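Heads up, the thing below is written out as structure tokens.
The values are calculated or read from the model by the stated rules, or taken from the named source; none is laboratory data. In this text, all values refer to a predicted model and were calculated from it rather than measured experimentally. No Cβ is skipped: glycine too gets one built from the backbone with ideal geometry, and neighbour counts run over all protein chains shown. These accessible areas exclude ligands, DNA and RNA; they are computed on the full protein's heavy atoms, side chains included. Shrake-Rupley method; radii C 1.70, N 1.55, O 1.52, S 1.80 Å.
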Amino acid sequence: MRKSRILLAAVAAAFVVTGPTGHAANHREAPITALDHKADITDFFAFASYAPGSAGTHVTFILCVDPFQEPANGPNWSPFDPDILYEIKIDNNNDAVEDIVFQFRFTTEQRLPNLFQVYAGAGGGIVAPANSPPPVPPGTPIVPPQITSFSSPGMGQRQSYSVTMVKDGFALPVSGSGPFYAVPANVGPRTMNYQALFNEATYTVGSGIKLFAGTVDDPFWIDLGAAFDTFNLRASVAPGVLSPAQDAANQNFASDTVSGFAVNAIAIEVPIAMITRTGAIEPANSPAATIGAWGTTSRPRTTVRRAPLPAASAGSFSQIQRMGNPLINELLVGTGFKDRFSMDQPKNDSQFASFFLDPTLARVLNAATAGALAIPTPPRLDLLPVVTYAPPIAAAGTPAGPIADLLRLNTGVAPTPPASSSVSRLGLLGGDPAGFPNGRRVFDDVTDIALRLVAGGVLAAPFPGFNANIGGRLGDGVNVNDAPYRTAFPYLADCPSGRDRRHLDPGEAGCTAGAGAPCPIF
Ligand SMILES: [Ca+2]
Ligand SMILES: [Ca+2]
Ligand SMILES: [Ca+2]
């Protein structure tokens, strides 16, 4: 499952039971990625890099997969799947067809085949004591030293990866200071120095490209428990309308269900001039400035199980999932159509247009607020900037292209420095031009933004019935992540320690990253 779409999927599913739409198919099967977690894309980010040295010249893409990793979950933890082709795709000429693709493939080594867990370490190492039974003599190394690098002996399960850039029909390997290693889960402080591994695995390669892959803090946050209980939000924010003070606060008023969990992330920073169709940095008012990006996971068409030998895969790749915006498939597309959506191409998304020209979610919000939240009358043309190239994201004069779920990013819009007073978790809706839905940064509160987008009137001029006091403050009460993001590439936070990780649950003290008031229960 994709976490960032759960809120609305839950609400929409509830509505289908009683709603008047024609999509109430009794399709009870779980979407394919509920059965294939390794290929499950949890989130996709594309944003103007905001670190000094990259701001104004580079963009960063992040693809997260494999949700709800428990960082304590030894002895094998959660590596990338060497069978999966992970891709980040970019359209730069408005036809919703990829022009540039970055492909990632992983390889796994097992360097400690005789040990019972794949990572091990302690201090300077532990040797056999004086009473060690034969044939192991005293002094023989038993436990390797703490893992501090990818060459440490305790790094049993070591993953490396290759990166290929496909452009104009040519596949170019991205090489440089490799091999590129993926950071494992943060097993615990005795076993490894996770920070050292993270730093070693943040690569600067040729052509101005930076790379990172590894297990990190899940950058997404949401009160999943309340949202998934059919929009049963905590009383402090029920029925999903924040007070002005809550809306303005960088703290949480409900528990972050994803806190303490990890995901696998692939991040790449590239020069803007490498991805625009003109090969130049375009100003924000240029029709060539806006790109559309999305991530995909694919598997070989054929896998042969050969027990007791390893399975063998062959053939071309077949798409398992894609993700552009954090709200189209998750909030708007009906459950019975999500698998088709996941496997199809963005250029074919007009087949799903009815879902977002009359979003069921908007009707749920209207009903859940007993009509206090008025919603626009379909067709919802105000949502077109999310699914076509249009202002306020793309410059006036940009060809709209087909309806397609791409995460659109105007590469000419300067990034907002994270310390700036104008930075907003609400992105474009909060007056911060460099945030979602103009691209998406890790700290953009896409749950709240998506609710407000769907409620209507916030991208274009508000529709006449729009109640800004309600529709403009929709939210789940989780405003910030549970861990501090890096302010430089790859912008992600550390994987929680497996030994000491904490899920900030309802009723526990420290609702905001372990500090502040208890998280409400009711
Ligand atoms: Ca294209
Ligand atoms: Ca998190
Ligand atoms: Ca939120």
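Considering only region 160-203, state which residues are touching a Phe, Trp or Tyr at 6+ places or on another chain (Cβ under 9 Å) and polar (S, T, N, Q).
The answer is S160, S162, T164, S177, N186, T191, T202.
In region 487-499, what count of residues is obtained for those that are within 9 Å of ligand 2 (Cβ to nearest atom) and crowded, with 23+ Cβ neighbours inside 10 Å?
Adding up the residues that qualify gives 1.
So if I check each of G176, G188, which one is modelled with pLDDT under 90, in a loop (DSSP other than H, G, I, E, B) and more than 16 Å from ligand 3 (Cβ to nearest atom)?
G176
Can you tell me which residue among D358, D405, D349, D382 is in contact with a helix residue (DSSP H, G or I) (Cβ under 9 Å, 6 or more places away or on another chain), farther than 15 Å from N329 by Cβ, in contact (Cβ under 8 Å) with a residue 40 or more places away in the chain and of a type outside the set (A, V, I, L, M, F, W, C)?
After ruling out the rest, the residue left standing is D382.
I need the strands (runs of 3 or more DSSP E) fully contained in region 255-372, keeping only those with at least 3 residues that are within 28 Å of P184 (Cα to Cα) and in contact with a Cys (Cβ under 9 Å, 6 or more places away or on another chain).
It comes to 262-271.
Under 7 Å between Cβ atoms, at least 6 apart or on separate chains: pull out the pairs that start in region 470-486 with a residue that is free of Cβ contacts under 8 Å to residues at least 24 places away in the same chain and end on any residue that is aromatic (F, W, Y) and within 16 Å of ligand 2 (Cβ to nearest atom).
Listed pairs, sorted by first residue: none to list.
Between D95, D83, D91, which is surrounded by 14 or more Cβ atoms within 10 Å (Cβ to Cβ) and out of contact with any strand residue (DSSP E or B) (no Cβ under 6 Å at 6 or more places or on another chain)?
Exactly one of D95, D83, D91 is surrounded by 14 or more Cβ atoms within 10 Å (Cβ to Cβ) and out of contact with any strand residue (DSSP E or B) (no Cβ under 6 Å at 6 or more places or on another chain), namely D95.
When region 198-219 is examined, which residues are found to be assigned to a loop (DSSP other than H, G, I, E, B) and open to solvent by 10 Å² or more (accessible area, probe 1.4 Å)?
T202, V205
Can you tell me which residues in region 258-296 are open to solvent by 10 Å² or more (accessible area, probe 1.4 Å), within 15 Å of ligand 1 (Cβ to nearest atom) and among the polar types (S, T, N, Q)?
The answer is T278, and nothing else.
Looking only at region 469-486, filter to residues that are within 15 Å of ligand 3 (Cβ to nearest atom) and within 21 Å of the chain's Cα centre (by Cα); which one of those is surrounded by the most Cβ atoms within 10 Å (Cβ to Cβ)?
V478
Just to be sure, is G123 touching a residue at least 60 places away in the same chain (Cβ under 8 Å) and loosely packed, with under 15 Cβ neighbours inside 10 Å?
yes
Does any residue of region 114-125 turn out to be part of a strand (DSSP E or B) and either farther than 27 Å from N73 by Cβ or in contact with a Lys or Arg (Cβ under 7 Å, 6 or more places away or on another chain) (or both)?
For region 114-125, residues part of a strand (DSSP E or B) and either farther than 27 Å from N73 by Cβ or in contact with a Lys or Arg (Cβ under 7 Å, 6 or more places away or on another chain) (or both): absent.
Within region 133-171, how many residues are in a loop (DSSP other than H, G, I, E, B), among the small types (G, A, S) and open to solvent by less than 50 Å² (accessible area, probe 1.4 Å)?
Counting residues in region 133-171 that are in a loop (DSSP other than H, G, I, E, B), among the small types (G, A, S) and open to solvent by less than 50 Å² (accessible area, probe 1.4 Å) gives 5.
Listed here are the residues, each with its yes/no results for (1) within 30 Å of V387 (Cα to Cα); (2) assigned to a loop (DSSP other than H, G, I, E, B); (3) touching a Pro at 6+ places or on another chain (Cβ under 6 Å).
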{"position": "D43", "(1), (2), (3)": "yes, no, no"}
{"position": "F47", "(1), (2), (3)": "yes, no, no"}
{"position": "A55", "(1), (2), (3)": "yes, yes, yes"}
{"position": "P71", "(1), (2), (3)": "no, yes, yes"}
{"position": "P79", "(1), (2), (3)": "no, yes, no"}
{"position": "V101", "(1), (2), (3)": "yes, no, no"}
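Being under 23 Å from the mean Cα position of the chain (by Cα) and under 26 Å from I222 (Cα atoms) is true for just one of S424, S420. Which residue is that?
It is S424.
Looking at the structure I just gave you, is V174 hydrophobic (A, V, I, L, M, F, W, C) and surrounded by fewer than 19 Cβ atoms within 10 Å (Cβ to Cβ)?
Answer is no for this residue.
Would you be able to tell me the number of residues in region 411-446 that are under 19 Å from P385 (Cβ atoms) and either open to solvent by less than 10 Å² (accessible area, probe 1.4 Å) or part of a loop (DSSP other than H, G, I, E, B) (or both)?
Count: 20.
Evaluate region 320-328: report whether one residue or more is at pLDDT 95 or above and open to solvent by 50 Å² or more (accessible area, probe 1.4 Å).
Checked against the condition, which is being at pLDDT 95 or above and open to solvent by 50 Å² or more (accessible area, probe 1.4 Å), region 320-328 yields no hits at all.
Go through (1) away from ligand 2 (no atom under 16 Å from the Cβ); (2) open to solvent by 10 Å² or more (accessible area, probe 1.4 Å); (3) not in a loop (DSSP other than H, G, I, E, B) and name the single condition G225 misses.
(1)
Find the residue count for region 334-364, including only residues that are buried (at least 16 other Cβ atoms within 10 Å of the Cβ) and under 13 Å from T388 (Cβ atoms).
So the count comes out to 5.
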